[in-house]
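The values are calculated or read from the model by the stated rules, or taken from the named source; none is laboratory data. On a predicted model such as this, the values are computed, not experimentally measured, just so you know. Virtual Cβ from ideal backbone geometry, glycine too; neighbours counted across all protein chains shown. Note: accessible area is taken over every heavy atom of the protein model, side chains too, but ligands, DNA and RNA are not part of it. Shrake-Rupley method; radii C 1.70, N 1.55, O 1.52, S 1.80 Å.
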Amino acid sequence: MKKNFLIQTGGTIAMSAKGEGVELDPEAWSDLLIKQIPELEELAEITTYPLFFEDSSDLNAEHWVNLANCIDVNYEKYDGFVILHGTDTMAYTASALSFSLQNLAKPVIFTGSQVPLSSIRSDARRNLINSIEMATTELQEVGICFNDHVYRGNRATKLSIGDFDAFGSPNLDPIADIGLNIELNVSPKKLIPPFDNKAAFSNEIFVLTVHPSLSMNVLDCLDLSKLKAIIVRTFGSGNFPMKGEFNLLPFFEKCRHRGVIVAIISQADYDAVNLTKYSAGRAAIQAGAISAGDMTLEAALTKLMFLLAHSDSKEHIETQFQIPMAGELSIEK
Ligand code: ASP
């Protein structure tokens, strides 16, 4: 029987109903888990490990490093890993781990639930069973398993607050389909060098959402000496205001002057940024900006945080950012 390491980090799946809402309930979960879903033990030999109990909104790069280290320490002992995690920032943590856990040859599956395990209409049961089973397969990457879909971790994003089908992967088909059987849609990697945990992240980054009437006076208050990179969430294929007092180009120039990387992403979830199509994109290239292609915000942010922690060379980081590292980016045909 395959050996599974089940890591608890919190989220709704670790909560209990409390009045009108829900609250983290560390005592209840571990006991409840096997009592409520005894079938889990038919799927794999499961070792549970409560790493931390947090609403996922409180997680940060330090938690990602702890989680990566926890997998690293246990890597040889288990065939697969399941991480119970809040849905709100699950795609960020999954993306961060996809860049950290290099040469991964085993499944690392994130899951959670929209409703606590203890509630009668919980989706936790189905997500857990699917995830434990996914972690017995030959998958060799970080995935998010939710509501019968398995997405590449660094391609997924939370799309719904209320639906059981909370996640989507706008620019990549699911990496596995769960029906009567589990069908993997990715082939095994050929030559895998030894597993290597490289988890380290820099916080010197900021995400700027462009919107109509965005005030340059506000941007002037940004202390660029504290930043190494800015991700700019632009409109459509990479557009932003270029006229009058709202012209964003001088800000890009200022960033370049200060050695701050400017990476352009879109507010639209589907398809890739194209900086050569409109004059704004072309001007952004002239001002030194780079494209995030079809990366999700979660992937672009965690990839840059990862790259910034591993290199001091702006040029090197910019080059690496535009090359796929863990299947997070489509290469132009
Ligand atoms: N607030 C919760 C969390 O992300 C939501 C969830 O788990 O669905 O921790």
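Could you count how many residues in segment 204-245 are within 14 Å of Ser291 (Cα to Cα) and open to solvent by less than 30 Å² (accessible area, probe 1.4 Å)?
So the count comes out to 8.
Quick check on segment 12-24: of everything there that is within 13 Å of the ligand (Cβ to nearest atom) and over 17 Å from Arg121 (Cβ atoms), which residue is surrounded by the most Cβ atoms within 10 Å (Cβ to Cβ)?
Top of the filtered list is Ala14.
Which residues, counting only those in segment 161-196, are away from the ligand (no atom under 16 Å from the Cβ), under 19 Å from Arg125 (Cα atoms), part of a loop (DSSP other than H, G, I, E, B) and open to solvent by less than 70 Å² (accessible area, probe 1.4 Å)?
Within segment 161-196, Gly179 is the sole residue that qualifies.
Report yes if Leu6 is under 25 Å from the mean Cα position of the chain (by Cα), closer than 29 Å to Ala299 by Cα and part of a strand (DSSP E or B), otherwise no.
Yes, satisfied.
Is it the case that segment 123-145 has a residue that's of a type in the set (A, V, I, L, M), in contact (Cβ under 8 Å) with a residue 24 or more places away in the chain, within 21 Å of Ile13 (Cα to Cα) and open to solvent by 30 Å² or more (accessible area, probe 1.4 Å)?
yes
Which condition does Gln8 not pass, out of (1) more than 16 Å from the ligand (Cβ to nearest atom); (2) touching a strand residue (DSSP E or B) at 6+ places or on another chain (Cβ under 6 Å), if it passes all the others?
(1)
If you go through segment 192-218, how many residues are in contact (Cβ under 8 Å) with a residue 60 or more places away in the chain and closer than 19 Å to Lys254 by Cβ?
3
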